[in-house]
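For reference, the structure is listed below as structure tokens.
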Amino acid sequence: MTKLLSSILLCLFCTALNAQVLPSDTVPAIIHHQTANGVTKFTSELRPLRAIAGAPAPFYTYFWEFGDGGFSFEESPSHVYTRYDSIMVRLFATNNYDDGKRPPTRPKPIVRPPVLPKPAVVKPMLAANGGYNLFKMGGNIEMKTNCMPKPGDDMMLVFGYRNKLENGQQNLNGTIAILYNDVEFSNNNFELTAARTYHNEKKTDLKPLLNTAFLNRKNQEPTYYASLENNLNLSASEKVLLKDQAKAFRSQQSWKFENLAQNEERFVFMHFKTTPEMLKDTNAVVRISGAFIPDNPLVETEFFNLELQIVASHDPNKMVLRKSRMNYRLTGKNRELTYKVRFQNTGKGPAKKIDVGVNLSEVFDPSTLKIIKTKPEVASCDSAYASQSCMKTFFSADSVHFVFTNIYLPGMQQKGVNDADSTQGFVEYKIRFKEKPPKLPIKSGAAIVFDKNEPIYTNRAAGRFKMGLSPGIIIGYGFPFETNNNNYLNQKNIVLGASLSPYASHRYYWQVELYYNSFNERTYQVPIGTEVRKDTVINNTAYQIMDKQLYKTTKVATINAVPLQMRYNLHKYVGVGAGALVAIDMYNRTSSELRYKLRTQNASGTVTDVDLNRAMDEIKDSFSEIRASFFADVQLGLVRVGPALGLRYIFDPKTNNNRMTTYVSWKF
């Protein structure tokens with residue numbers, strides 16, 4: 001018994017110990033630093049990574065914010081501080097190919113070391129730190145994020161601006177602005193939780209500048225993750241107000257800057273929280289845009305567009321379809337789709353050959369494929385000389401391969417490689433449809449092979465069509481539908497109706513219908529028992545009642561609605577459907593009238609017959625009767641968009657009345 005109890009206690013102890021050893025997603029990044037000879041070296045402790053089955057080895061990427069306007073994307077960076085007042089360093093680590101959450105960020109204060117060396121010459125901070133290599137596009141403004149946005153996660157953005165030599169201004173004043181939350185999405189994608197500035201930038205109102213700042217629309221060729229538009233030699237037709245760009249976003253922030261010296265680089269750090277309501281579609285692309293608006297009109301106003309793919313997990317190898325949500329009504333054979341396959345060498349050595357294989361949907365015409373841009377930028381192997389870096393493109397039955405040959409793409413874990421951008425590449429291409437495609441998702445994925453390693457499979461980029469609405473008109477015969485009111489049995493008439501459904505649905509879809517019947521009137525005789533040959537006096541004249549009849553007239557206005565109907569297109573020429581139909585008497589008026597035949601005789605014996613009608617009570621009622629029926633039908637014709645003939649069988653379970661009606665519909 002004692003041994004059994006000891007074994008149980010030992011198991012419980014081991015279980016508790018294992019629970020403590022397992023890495024927790026809530027453990028923040030621990031920052032270590034050491035200062036020697038004026039240089040501060042940073043390292044970190046992060047929770048162990050948890051590999052995903054079948055995925056490449058997991059790894060961390062890093063973004064350090066040093067707390068004085070400096071930053072780094074290196075794993076263990078060094079930094080030179082020129083001041084130590086209120087310095088808080090932050091590490092944002094992103095877990096790639098890991099099944100957990102990213103480590104939380106915990107700011108750490110940096111204090112002045114006990115002993116500081118006395119340098120002979122005090123260097124400016126940027127020169128001492130060797131520059132940040134952010135402005136790769138050559139403009140006055142550039143932005144970069146530490147990761148792609150993931151719903152419910154954090155994202156850091158570095159907003160860099162500078163006064164380049166070409167501006168010809170010793171000191172420059174102006175405004176910088178950030179625009180986010182695209183209006184094309186119903187929910188906000190980002191919340192700007194913090195913006196840290198280090199050069200006395202002051203928050204300001206962007207609205208007064210919207211009508212005066214012009215942006216260049218000259219070079220419209222887009223890239224997915226960064227596109228710069230320079231405002232050079234603009235004609236009047238090429239000038240576009242910043243206001244027109246700002247209309248595309250719900251949210252904005254702006255800051256006023258002053259005394260920006262020539263060649264000086266400044267950075268603003270923006271901490272975005274990606275909202276849980278962010279699109280769950282991991283193929284969607286959201287935008288964040290920045291503007292650089294100098295006070296001096298001789299200096300160019302610039303606009304930087306950062307396009308980011310929403311991701312479910314952090315993975316440097318991705319396939320993106322730009323504008324993945326399409327309007328099917330406007331999609332035809334000549335519609336071009338733009339794809340981009342990103343890849344990154346995460347290994348310990350350089351890659352010399354990269355094979356990017358992409359499966360092509362059968363809706364595409366391979367002969368229309370056109371390569372837009374590649375990184376590394378290489379020539380086609382068809383025109384390259386021996387051993388030149390080049391790319392070969394070839395097709396198989398259902399795929400296309402882009403093969404980079406004789407290149408040098410460094411590995412992230414390669415010794416001496418500190419710039420993560422140098423380990424990345426992409427291929428961007430456009431392709432057209434063979435013909436107007438069916439309204440179904442278009443999915444495509446890629447397999448990337450670095451040298452002779454195992455392939456790495458990307459996400460599947462899916463192009464989807466927006467639902468769109470298709471109004472239609474219906475002319476039906478045999479309405480209103482059967483009712484238990486005997487006054488309307490077997491009545492046939494032609495009515496006009498309208499329908500609303502998703503535009504050109506391929507298979508299943510819902511449809512609603514509404515029909516209006518004009519006033520239906522019926523006059524009928526009601527038997528009454530009455531005495532005739534009875535004398536009466538009207539206006540002092542004696543009459544004899546020869547006949548007396550009671551007539552009733554009923555007028556009814558009926559609306560027939562189909563609030564619920566499921567349809568299925570078997571073919572583009574055949575469709576079937578089933579649903580429920582509700583008939584409502586919106587207006588019902590019943591009036592009664594007595595009709596007399598009278599006879600009188602004058603003094604000379606002449607007999608005269610007279611007809612006399614007398615109105616009686618009138619009854620009006622609204623919504624006097626509601627009837628429900630069920631139906632099934634078949635349509636023949638252009639059942640997705642266009643004219644079609646329909647046959648509908650209707651069953652009323654209350655009265656057991658069955659009937660067949662027919663109609664002609666036209667969907668637009």
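Select from the stretch 384-405 the residues that are of a type in the set (A, V, I, L, M) and not in a strand (DSSP E or B) and write down the one among them that is surrounded by the most Cβ atoms within 10 Å (Cβ to Cβ).
This residue is A384.
Mind counting the residues in the stretch 188-203 that are touching a residue at least 60 places away in the same chain (Cβ under 8 Å) and either among the aliphatic types (A, V, I, L, M) or over 16 Å from Q309 (Cα atoms) (or both)?
Counting residues in the stretch 188-203 that are touching a residue at least 60 places away in the same chain (Cβ under 8 Å) and either among the aliphatic types (A, V, I, L, M) or over 16 Å from Q309 (Cα atoms) (or both) gives 10.
So which residues in the stretch 165-191 are out of contact with any Leu (no Cβ under 9 Å at 6 or more places or on another chain) and either at pLDDT 85 or above or in the same structural domain as G67 (by TED's automatic domain parsing) (or both)?
L165, E166, Q170, I176, N181, D182, V183, N188, F190, E191
State yes or no: is L570 surrounded by 12 or more Cβ atoms within 10 Å (Cβ to Cβ) and free of Cβ contacts under 8 Å to residues at least 12 places away in the same chain?
yes
Within the stretch 370-392, which residues are within 34 Å of the chain's Cα centre (by Cα) and farther than 24 Å from Q344 by Cβ?
Within the stretch 370-392, just K370 meets the criteria.
Quick one: D421 ticks every box in (1) surrounded by 14 or more Cβ atoms within 10 Å (Cβ to Cβ); (2) closer than 29 Å to P58 by Cα bar one, so which box is it?
In the conditions (1) surrounded by 14 or more Cβ atoms within 10 Å (Cβ to Cβ); (2) closer than 29 Å to P58 by Cα, D421 misses (1) alone.
Restricted to the stretch 635-668, and to residues that are more than 16 Å from G476 (Cβ to Cβ) and modelled with pLDDT under 90, which residue is surrounded by the most Cβ atoms within 10 Å (Cβ to Cβ)?
So, considering only residues that are more than 16 Å from G476 (Cβ to Cβ) and modelled with pLDDT under 90, the one surrounded by the most Cβ atoms within 10 Å (Cβ to Cβ) is D652.
Would it be correct to say that K136 is touching a helix residue (DSSP H, G or I) at 6+ places or on another chain (Cβ under 8 Å), at pLDDT below 90 and part of a loop (DSSP other than H, G, I, E, B)?
The answer is yes for K136.
How many residues does the stretch 72-97 contain that are without any contact (Cβ under 8 Å) to a residue 40 or more places away in the chain and more than 29 Å from G347 (Cα to Cα)?
Result for the stretch 72-97: 6.
Would you mind finding the one in Q544, Q565 that is under 30 Å from A504 (Cβ atoms) and either touching a Phe, Trp or Tyr at 6+ places or on another chain (Cβ under 7 Å) or in a strand (DSSP E or B) (or both)?
Matching residue, one of Q544, Q565: Q565.
So G38 fits all but one of (1) surrounded by fewer than 17 Cβ atoms within 10 Å (Cβ to Cβ); (2) within 18 Å of D98 (Cα to Cα); (3) at pLDDT 65 or above; what number is the exception?
All conditions are met except number (2).
Step by step: first the residues of the stretch 457-482, then only those that are aliphatic (A, V, I, L, M) and under 22 Å from S324 (Cβ atoms), then the one that is surrounded by the fewest Cβ atoms within 10 Å (Cβ to Cβ). Which residue is that?
Checked the stretch 457-482; the qualifying residue surrounded by the fewest Cβ atoms within 10 Å (Cβ to Cβ) is L469.
Residue under question is I431, and the condition is that it be hydrophobic (A, V, I, L, M, F, W, C) and not in a loop (DSSP other than H, G, I, E, B); does it hold?
yes
Among the numbered criteria (1) at pLDDT 90 or above; (2) over 27 Å from S324 (Cβ atoms); (3) touching a helix residue (DSSP H, G or I) at 6+ places or on another chain (Cβ under 8 Å), which single criterion is violated by V417?
Going through (1) at pLDDT 90 or above; (2) over 27 Å from S324 (Cβ atoms); (3) touching a helix residue (DSSP H, G or I) at 6+ places or on another chain (Cβ under 8 Å) one by one, V417 breaks only (1).
Specify the residue that is surrounded by the fewest Cβ atoms within 10 Å (Cβ to Cβ); the eligible residues are those in the stretch 483-500 that are modelled with pLDDT under 70 and not in a loop (DSSP other than H, G, I, E, B).
Taking the stretch 483-500 and keeping what is modelled with pLDDT under 70, we get 483-493.
So of that shortlist, the ones also not in a loop (DSSP other than H, G, I, E, B) come out as 486-488.
Details: N486: 7, N487: 13, Y488: 17.
Here the residue is N486.
Report, by residue number, each residue of the stretch 501-526 that is surrounded by fewer than 17 Cβ atoms within 10 Å (Cβ to Cβ), at pLDDT below 80 and not in a strand (DSSP E or B).
S518, F519
Tell me yes or no: at least one residue of the stretch 578-595 is over 30 Å from R507 (Cβ atoms), acidic (D, E) and under 57 Å from the mean Cα position of the chain (by Cα).
Yes: the stretch 578-595 contains one or more residues that are over 30 Å from R507 (Cβ atoms), acidic (D, E) and under 57 Å from the mean Cα position of the chain (by Cα).
Yes or no: G411 part of a strand (DSSP E or B), modelled with pLDDT under 95 and buried (at least 16 other Cβ atoms within 10 Å of the Cβ)?
Against the criterion (part of a strand (DSSP E or B), modelled with pLDDT under 95 and buried (at least 16 other Cβ atoms within 10 Å of the Cβ)), G411 does not qualify.
Among the strands (runs of 3 or more DSSP E) contained in the stretch 322-382, which hold 1 or more residues that are more than 21 Å from I456 (Cβ to Cβ)? Outline the logic, then answer.
On the way: elements: 336-344, 354-359, 364-375.
Passing ranges, in order: 336-344, 364-375.
Which residues, taken from the stretch 541-556, are over 19 Å from T600 (Cβ atoms), buried (at least 16 other Cβ atoms within 10 Å of the Cβ) and more than 60 Å from the chain's Cα centre (by Cα)?
K552
Considering only residues of the stretch 160-204 that are of a type in the set (A, V, I, L, M) and not in a strand (DSSP E or B), which is nearest to the chain's Cα centre (by Cα)?
Restricting attention to the stretch 160-204, the residues satisfying the condition of being of a type in the set (A, V, I, L, M) are 165, 172, 176-179, 183, 192, 194-195.
Next, from what is left, pick out any that are not in a strand (DSSP E or B): 165, 183.
Working: L165: 41, V183: 10 Å.
For the stretch 160-204, the residue satisfying everything is V183.
Tell me which residues, restricted to the stretch 332-356, are among the aromatic types (F, W, Y) and under 18 Å from N96 (Cβ atoms).
Matches in the stretch 332-356: F343 only.
Of all the residues that make up the stretch 37-71, how many are touching a residue at least 24 places away in the same chain (Cβ under 8 Å), assigned to a strand (DSSP E or B) and not aliphatic (A, V, I, L, M)?
Residues in the stretch 37-71 being touching a residue at least 24 places away in the same chain (Cβ under 8 Å), assigned to a strand (DSSP E or B) and not aliphatic (A, V, I, L, M): 13 in total.
Hey, among the residues in the stretch 332-349 that are in contact with a Phe, Trp or Tyr (Cβ under 7 Å, 6 or more places away or on another chain) and surrounded by fewer than 18 Cβ atoms within 10 Å (Cβ to Cβ), which one's modelled with the highest pLDDT?
The residue in question is R335.
The values are calculated or read from the model by the stated rules, or taken from the named source; none is laboratory data. Bear in mind that the values here come from a model prediction, so they are computed numbers and not experimental data. As a convention, Cβ positions derive from the backbone with ideal geometry for all residues, glycine included, and neighbour counts pool all protein chains shown.
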